[in-house]
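Data first, discussion second: the structure below is written as structure tokens.
The values are calculated or read from the model by the stated rules, or taken from the named source; none is laboratory data. Every value quoted in this text rests on a predicted model; they were computed, and no experiment measured them. Don't worry about glycine lacking a Cβ; one is built from the backbone with ideal geometry, like all the others, and counts go over all protein chains shown. Surface accessibility is based on the protein's heavy atoms, side chains included, excluding ligands, DNA and RNA. Shrake-Rupley method; radii C 1.70, N 1.55, O 1.52, S 1.80 Å.
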Amino acid sequence: MTKDVYIVDAVRTPVGRYGGALAGVRPDDLAAHVLRALLDRTPALDPARIDDVILGNANGAGEESRDVARMAALLAGVPVTVPGVTVNRLCGSGLEAVIQAYRAVAVGDASVVLAGGVESMSRAPWVLPKPDRAYPAGHQQLHSTTLGWRMVNPRMPAEWTVSLGEGAELVAEKHAIGREAQDAYALASHAKAAEAWATGAFDAEVVPVDGGSLDGSSLGGTGTGTGTGLGRDESVRADTSLAALARLKPAFRPDGTVTAGNASPLNDGASALLVTDEAGLRATGRDPLARITASAVSGIEPQYFGLGPVEAARRALTRAGRTFGDLATLELNEAFAAQALGCLAEWPELDPAVVNPYGGAIALGHPLGSSGSRLAGTVAHQLAARGSGTGLATLCIGVGQGLALVLER
């Protein structure tokens, strides 16, 4: 028999723009910041009770390459006896970490887990493959690890390895989603995010980053990150307009519909949740934000990755004994407006008014490894603010996957 699993708290950094306020901060320091914040907000919990730290990260090629979960836990001052593991399901990595924590607690392998994700797309390095033969005389190619395909296996069918933006164009074609609809969706995302910040909707979950908060003394560890500081999401454009969005040129096809304005930006950020069973909950001395009741993963043709959430959400809701009509809130990651609109087109029974009430990744940003746990934390805080209800967090994943998590309050 499985145990009930609770989200006691959830925090995130503000999301920084590519090359913006968080670009000077190492990803392991960003992750340590949110882990430390969870512990500081739960002083009754003995950190030695933590059974594991699970973090998602999509890159794994730079400063986060030595198991960022373990490094961040040490930098956050978590006892050395607490282990840590990093997981990678690309854009779904942060939610995958929460799901793995949920499973471990549900089956009794753990009682208290810190789970979340981190990504610094600004600091993603270039990588140089080893040459095919020794002492090559010619030039060698560097590959950016910031986003998307690189060093592609030649056996992969070409239609599977299109760019993420081209995949969004394919979804737009499939569902006849025009440029105007995409721009209108993007504008609404920015408007909702700006309103959420103005009304304090993010106050309970966002832990600001400042230069002093990332040194070793304040973290309780030996972190060395530096940054100019950030108090709110840096990509939100409260002053944008349909006219401004319409002036942007297509980014992936000369006659396409996907632009920089109706797609999520490149970002930096971290998020983390405190996940427990009943005994762990008592040890925290806190009331939970929500309870996890189901999860699901699905696969789809890689070029249609944007529609990955469609089946994952259905499966998760079925396992939870719920329907789209039961949802008080649904956080759908907005990799692209076309992708989000494509998912909504395949969920006709869903009330679109419950989707991303505080805006989505087009406005808030999409730091890959952190986005999934950010979605889960946002849903948990929304349910806590409501006092009751069912919520769902879901996102699409490159190479054709979808991931979903159901929460109850």
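Observations, loosely collected:
- For the chain, the per residue solvent-accessible surface stands at 39 Å², with DNA, RNA and ligands left out and a 1.4 Å probe.
- The range 334-363 residues near the modelled Arg41 label - backbone nitrogen below 12 Å, point 7 Å along Cα→Cβ: none
- Taking only the C-alpha atoms of the chain, Rg followed by Dmax gives 20.3, 67 Å.
- Here the range 67-110 has an Rg and Dmax of 11.4, 30 Å, counting Cα atoms alone.
- Where labels lie 7 Å past Cα in the beta-carbon direction, separation of Lys3 and Val127 in nm: 3.7 nm
- Paramagnetic label zone (point 7 Å from Cα along Cα-to-C-beta, Arg291; backbone N under 12 Å) in the range 357-392: 389
- Electrostatic tally near Glu234: other residues with Cβ closer than 11 Å to its Cβ, Lys and Arg +1, Asp and Glu -1, net +1.
- Summary of the geometry: the range 130-158 and the range 359-397, compared by the centres of their Cα atoms, lie 35 Å apart.
- Accessible surface of the range 248-347, 1.4 Å probe: 49 percent of it comes from carbon and sulfur atoms.
- Relative contact order of the range 15-104, pairs being alpha-carbon contacts under 8 Å that are 6 or more residues apart, as %: 32 percent
- Length-normalised contact order for the range 229-362 - Cα pairs under 8 Å, 6+ apart - percent: 23 percent
- Label zone at Glu278 (point 7 Å along Cα-to-Cβ), backbone N below 17 Å, the range 46-64: none
- Net charge over other residues, Cβ less than 13 angstrom from the Cβ of Ala44 (K, R count +1; D, E count -1): 0
- On the range 105-184, 56 percent of the accessible area sits on carbon and sulfur atoms, based on a 1.4 Å probe.
- Take the Kirkwood radius over Cα pairs of the range 290-409, plug it into Stokes-Einstein at 37 °C and 0.692 mPa s, and you get 238 µm²/s for translational diffusion.
- Inter-part distance where the range 73-97 and the range 11-39 are each reduced to a Cα centre, Å: 14 Å
- Normalised contact order of the chain, rounded percent, pairs of Cα under 8 Å and 6 or more residues apart: 28 percent
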